[in-house]
Amino acid sequence: MTGHPGTRLKVSLALLLAPTVHAMAAAPVPAVAEAQLRALNHQVINALAHPDRDSMDRVTANDFLLIDTSGNWLGRRRHLARLHTPKLRGDVYCDEVEVRLFGPVALVHGVLESRGEGGIPGRVRYTDVYHWNGSRWLLANAQHTPLRDGVARRIHEGKAPAHAPWQGEDPVGDDLEVLRKLNENYVRAYREADVAWYDAHLAPDFVVVNNDGSYHDRARALAEFAEPYFATYMHSFPVGKVRIRRFGDIALIHAENAYERKDRRRGVNRYTDIWRKQADGRWLCIAAHITTHKAPV
């Protein structure tokens, strides 16, 4: 989807506002839900481009969390307070918008681009998470990562490497403890280039936003996980500041990696991994988004 954020907004507002008149317990049917979410996406982009605190106040959940382009964690109050100051000027539009529906939770991936001057980088990859509260969609989470020069907007597709099947066992028990252990295993698998673990735990529609803003499909991600990046370049790669937020069968895991490279440079990445509980009780990761908080120095 291309064009200025205001494009088609008036057409979509009727679909956006209808559920607030006749509250529904279940999320709307997919076609209606997608129309509502695309309208909301325009509304949020407009509110960022031309700071509109009232508009963002209406659309954000009370527990809203933003990971901004600098990797800062901002709660709802701090995010709304920043909307007093203009951030973007000139033409602003969103592109490569993808809506993914998971019952009462939806993911919206896209690229925000500004052609004017302002405090936000010219191109930003974003992942927004919306939750249906029984009558309307509310923005529960957002993460922004600047697209580096030369990084394409479109998804990077790849070919998954051949490997032996994973032979381990998943954690069992309380969902929160299972998710904490899965988060630890995700990082361990990165350190060990354990592509078999990833193949067993990434959903078929998994996508990842890397800290350069590139957007990769599951096969491309598996090919990269198979590379011994940690063994080649890293001295340490811990995980800390873990926070888990649950929205029914969807869980968001926020954390940071305050790593040290073999050349002794240190940096910090912050990430959100999004997991979905399957019908058989297993959790699979449906998306990951990484933002640099402190570049390695």
Over region 245-260, the set of residues closer than 18 Å to D170 by Cβ and either part of a loop (DSSP other than H, G, I, E, B) or without any contact (Cβ under 8 Å) to a residue 12 or more places away in the chain (or both) is D249
By residue number, the members of region 144-193 that are among the β-branched types (V, I, T) and in contact with a Ser or Thr (Cβ under 8 Å, 6 or more places away or on another chain) are T145, V151
Here the residues within region 128-154 that are surrounded by 14 or more Cβ atoms within 10 Å (Cβ to Cβ) and among the hydrophobic types (A, V, I, L, M, F, W, C) are V129, W132, W137, L138, L139, A140, A142, L147, V151
Counting only residues that are under 19 Å from R276 (Cα atoms) and under 20 Å from the mean Cα position of the chain (by Cα), region 200-215 contains a total of 9
Here the qualifying pairs (Cβ atoms under 6 Å; residues six or more apart or on different chains; first in region 168-194 and farther than 20 Å from N257 by Cα; second crowded, with 19+ Cβ neighbours inside 10 Å) come out as P171/V178
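Is there a residue in region 274-284 that is β-branched (V, I, T), closer than 20 Å to K181 by Cα and touching a residue at least 12 places away in the same chain (Cβ under 8 Å)? Step through it out loud before you land on a result.
Initially, region 274-284 is screened for residues β-branched (V, I, T), giving 274.
Restricting the remaining residues to those that are closer than 20 Å to K181 by Cα gives 274.
Among the residues that remain, those that are also touching a residue at least 12 places away in the same chain (Cβ under 8 Å) are: 274.
Yes, that holds for at least one residue.
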The one condition R180 fails out of (1) surrounded by fewer than 21 Cβ atoms within 10 Å (Cβ to Cβ); (2) assigned to a strand (DSSP E or B) is (2)
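Name the residue, out of E184, E227, that is more than 30 Å from G110 (Cβ to Cβ) and either charged (D, E, K, R) or not assigned by TED's automatic domain parsing to the domain that holds Y259 (or both).
Numbers: E227 fails: more than 30 Å from G110 (Cβ to Cβ).
E184 is the lone residue from the list that is more than 30 Å from G110 (Cβ to Cβ) and either charged (D, E, K, R) or not assigned by TED's automatic domain parsing to the domain that holds Y259 (or both).
Looking at region 261-280 only, could you name the residues that are closer than 17 Å to G71 by Cβ and either outside any loop (DSSP other than H, G, I, E, B) or hydroxyl-bearing (S, T, Y) (or both)?
Taking region 261-280 and keeping what is closer than 17 Å to G71 by Cβ, we get 265-273.
Listed by number, the residues that qualify are R266, G267, V268, N269, R270, Y271, T272, D273.
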Scanning region 281-297 for residues that are touching a Lys or Arg at 6+ places or on another chain (Cβ under 9 Å) and part of a strand (DSSP E or B) gives W283, L284, C285, I286, A287, H289, I290, T291, T292, H293, K294
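The values are calculated or read from the model by the stated rules, or taken from the named source; none is laboratory data. These numbers come from a predicted model, not from an experiment. So basically every Cβ, Gly included, is an ideal-geometry build from the backbone, and we count neighbours across all protein chains shown.
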